[in-house]
Amino acid sequence: MSSLGAIDRLSNVRAFVADGRGSILVAVAAGWFLSIGVRLAYPVLLPYLGDTYGLDLTTAGFLLTALWLCYALGQLPGGLLADRVGEGNVLVASTVISAVTLGFVAVAGSAPVVYVATAAFGFGTALYGVARFTTLSNTYPDNDGTAIGVTMAAGQAGNTLLPLAAGGIASAFAWQYGFGLVVPAFAAVAIGLRFAVPSRTSGSTSAVDSVSLETVRYVLSELRRPEILTVAAIQILTYCVWQAFTGFYPTYLIRVKGFSEGVATGLFSAFFAAGIVVQPLTGRLYDRFGIRKSLPPVLGVVVVSLVALPFLEGFWPLVVGTVFLSSILGYGTITLPYMTSAFPSDMQGTGLGFLRTVYMTIGALSPVAFGALADRGYFDKAYFVLAALVAVAIAFTWWLPEQ
């Protein structure tokens, strides 16, 4: 019986990667590995950037806000371009822009240049955000939660390895080398995407081929649907929490818990390493049970973990706490497939891009707000605020329709 089960699972895996879908999944996952991994290297490098340019926690938080705000503002253009010129073309363009802007970050000689180049990098990676979801949703119409979960797990691998590598390089040499060394990696991934991903994965028609009043009314009518508004509210709250937590967790471990930079970086990497397991599991939960049954328990673990964090002392309790905190990484593999599939295919990129711009723009404000609280001596209490936001998000799930 077990051998038959193994054969059946192997057959499912083969079907999952058949007809060129496996190469698409690998290429998209590789791009996301770099895109999110480099962005999440910034929190690890904040202490080095602060020493170099004299940044306090508030101004360091503003650097993260610049990164994520531009990432937010690029979502709608990315979605529009995906619908108009094709998802594959946008993925390649995003990766090339990321390589160029990171080169400027690496050679910057002043804080203003770092801020501008970082903002440009955020906008460039934003183009990748929507196109990867619509590419996978179109490629895997029956298993989009699993496919997106696998890709996001690749992103967690990037979040695990790249911050760790950046911190090690910064400690041994200089923080600039950590950015410079990933430039050729982005170039290599751009080539892989060009060959693996079709120029367009959606249908040949698009609702935004021409901009008109009728087009705007059509898009707005879809955005006003109750289920879209509800999941958008959930996403706003949870994204604010994700941004603030990931932006300052290494700094919190150093300044409040008393760990060295190396240990703090290791725990931060462990947080994302746990996400490699969490995200495919939560994606599978979504595929099987739908959003109303799978999201509340995941967010419930987040609430308990955030409330417990200020009371944890010592290395091993914080290791265990970090593992439970990684549940923060699982909500997206539930909310984002739901959000993507809720839109008609002819405006999927535009609709998702608009919502991502809204919730990411709001979420981008959370690092600077969180940093300001920390500067005023409320570092521990700020985590209670984050827990409260997640609790409100849980309440919103009751307004989502049954699937």
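The values are calculated or read from the model by the stated rules, or taken from the named source; none is laboratory data. Bear in mind that the values here come from a model prediction, so they are computed numbers and not experimental data. In this analysis, Cβ positions are derived from the backbone assuming ideal geometry, glycine residues included, and neighbour counts consider all displayed protein chains. Only protein heavy atoms, including side chains, enter the accessible area calculation; ligands, DNA and RNA are left aside. Shrake-Rupley method; radii C 1.70, N 1.55, O 1.52, S 1.80 Å.
Key figures for this structure:
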{"read-out": "Nearest-ten-degree value, helix 57-73 long axis tilted from longest Cα axis of the chain", "value": "10"}
{"read-out": "D (Stokes-Einstein, µm²/s), Kirkwood Cα radius, the range 240-353, 0.890 mPa s at 25 °C", "value": "160"}
{"read-out": "Cα centroid separation, the range 66-113 to the range 310-330 (Å)", "value": "32"}
{"read-out": "Residue among 376, 284, 21 with the largest mean-square fluctuation in a Gaussian network model of the chain, springs linking Cα atoms under 10 Å", "value": "376"}
{"read-out": "Mean projected area (nm²) of the alpha-carbon convex hull when the chain is viewed from all directions", "value": "19.7"}
{"read-out": "Accessible area (Å², 1.4 Å probe, nearest 10) - residue 104", "value": "120"}
{"read-out": "Listed residues 354, 289, 186, most fluctuating in the chain (Gaussian network, C-alpha, under 10 Å)", "value": "289"}
{"read-out": "Pairwise label distance in nanometres, residue 342 with residue 313, each label 7 Å out on the Cα-Cβ vector", "value": "4.4"}
{"read-out": "Spacing of the two label points (7 Å from each Cα toward its C-beta) at residue 225 and residue 100, in nm", "value": "3.7"}
{"read-out": "Length gained when the stretch residue 181-residue 199 is fully extended (0.36 nm per residue, less Cα-Cα span)", "value": "3.7 nm"}
{"read-out": "Nearest-ten-degree value, helix 183-196 long axis tilted from longest Cα axis of the chain", "value": "10"}
{"read-out": "The range 304-403 - Kirkwood radius from inverse mean 1/r over Cα pairs (Å)", "value": "16.1"}
{"read-out": "Cα-Cα separations in the range 38-192 greater than 21 Å, expressed as whole percent", "value": "46"}
{"read-out": "Choice from 385, 197, 231 showing the highest fluctuation, given a GNM over the chain with Cα pairs closer than 10 Å", "value": "385"}
{"read-out": "Rounded to whole Hz, the Karplus (6.51, -1.76, 1.60) HN-Hα couplings of the range 239-256, x for glycine and proline", "value": "5, 4, 5, 4, 4, 5, 5, 5, x, 10, 4, x, 5, 4, 5, 6, 7, 9"}
{"read-out": "Accessible surface of the range 66-199, 1.4 Å probe, proportion on carbon and sulfur as whole %", "value": "76"}
{"read-out": "Using a Förster distance of 30 Å, the FRET efficiency for residue 320-residue 84 (Cβ separation, nearest 0.05)", "value": "0.05"}
{"read-out": "Accessible solvent surface per residue of the range 237-281, calculated while the other protein chains remain in place, 1.4 angstrom probe, Å²", "value": "28"}
{"read-out": "Acute angle (nearest 10 degrees) that the helix 75-85 long axis makes with the longest principal axis of the chain, alpha-carbon atoms", "value": "30"}
{"read-out": "Given 14 as the ceiling on other Cβ atoms within 10 Å, longest exposed-site-free region of the chain for GluC sites (Glu not before Pro) in DSSP loops", "value": "1-312"}
